[in-house]
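Coordinate-derived values only; no laboratory data. Since we're looking at a predicted model, the values are computed, not measured. So basically every Cβ, Gly included, is an ideal-geometry build from the backbone, and we count neighbours across all protein chains shown.
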Amino acid sequence: MPGKKSSRVESVSGAIKCGALVVYPTETFYALGASLFHPRALSRVFSVKGRDPSKPLPFIASSLSQALGMLEDESETLLRLAVSFWPGPLTIVGRASSIVPVSACALDKTIAVRVSAHPAARALARFSGSPMTATSANFSGDPPARSLADMPRSLLELVDCALDGGLLPGGLPSTIVRVEGSSLHVLREGAVPSVALSRVAPLF
């Protein structure tokens, strides 16, 4: 039933595993979730949001192990970053591994992933057996939502189910970085400040 609310992680993760499009809570705002391994569900994220198809989707993984499975690069710098800031609002961009479908990659064959600090987000990725999209649950150009009540009914009617996590704290989005050798390139400033990143690796 489109727009159906649920308080059960198990039922929502089962829906993700079957290719559903869901709304779920993260440590900041609600997100639109679709499995990395379901190209049709990934396509629905773009159509529901009205997102530019050339703009790649970020993903949330359940753990360091699941996230590293998506990345070809497991350099010392990347591992230090992950251990220092995950779970948390740091998105790392790296070259996608062979398990990542082409439909989930950027044009340069990279993918963006983080391990969320929200336990429900991690549980969904764990129980579904799949990293899931982490773009905000809103129409492109609209503000992100801190609660299901903040979302337009028309958006909720376009998804298969929603996990109600109550009122979320909001705040800054995740910081996005790309590892280049032993250095970091900050692609988007966010919740993890550059000064904290510079303690792990030099910035350029």
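Things worth noting here:
- The alpha-carbon positions of the stretch 139-201 define a convex hull whose volume is 135 Å³ per residue.
- Alpha-carbon centroids, the stretch 101-128 and the stretch 140-167: separation in whole Å: 20
- Global geometry of the stretch 10-129, whether rounded, prolate or oblate, following the gyration tensor of its Cα atoms and the 1.5 cut on a/c: oblate
- Here the sum of -39500 (n - 2.57) over DSSP H runs of 4 or more residues, divided by the residues of the chain, equals -7000 deg cm²/dmol at 222 nm, to the nearest 500.
- Across the chain, C-alpha contacts under 8 Å between residues 6 or more apart give a mean separation that, scaled by the residue count, equals a relative contact order of 32 percent.
- Two-decimal Rg/Rh across the chain, once Rg and the Kirkwood Rh are taken from alpha-carbon atoms: 0.95
- A straight chain from S97 to S75 at 0.36 nm per residue would run longer than the Cα-Cα distance by 6.6 nm.
- The loop-placed GluC sites (Glu not before Pro) in the stretch 130-204, going by DSSP, that have at most 11 neighbouring Cβ atoms within 10 Å of their Cβ come out as E157.
- Unit charges at the beta carbon, dipole of the chain: most positive-side option, A106, L156, F59: L156
- For L187, the residues whose modelled amide H falls within less than 5 Å of its own, excluding neighbours fewer than 5 places apart on the same chain, are I176, V177, R178.
- Of all DSSP bridge pairs formed entirely within the chain, close to 60 percent run antiparallel.
- Among 10-17, 30-37, the order from most to least packed when residues are scored by Cβ within 10 Å on average: 30-37, 10-17
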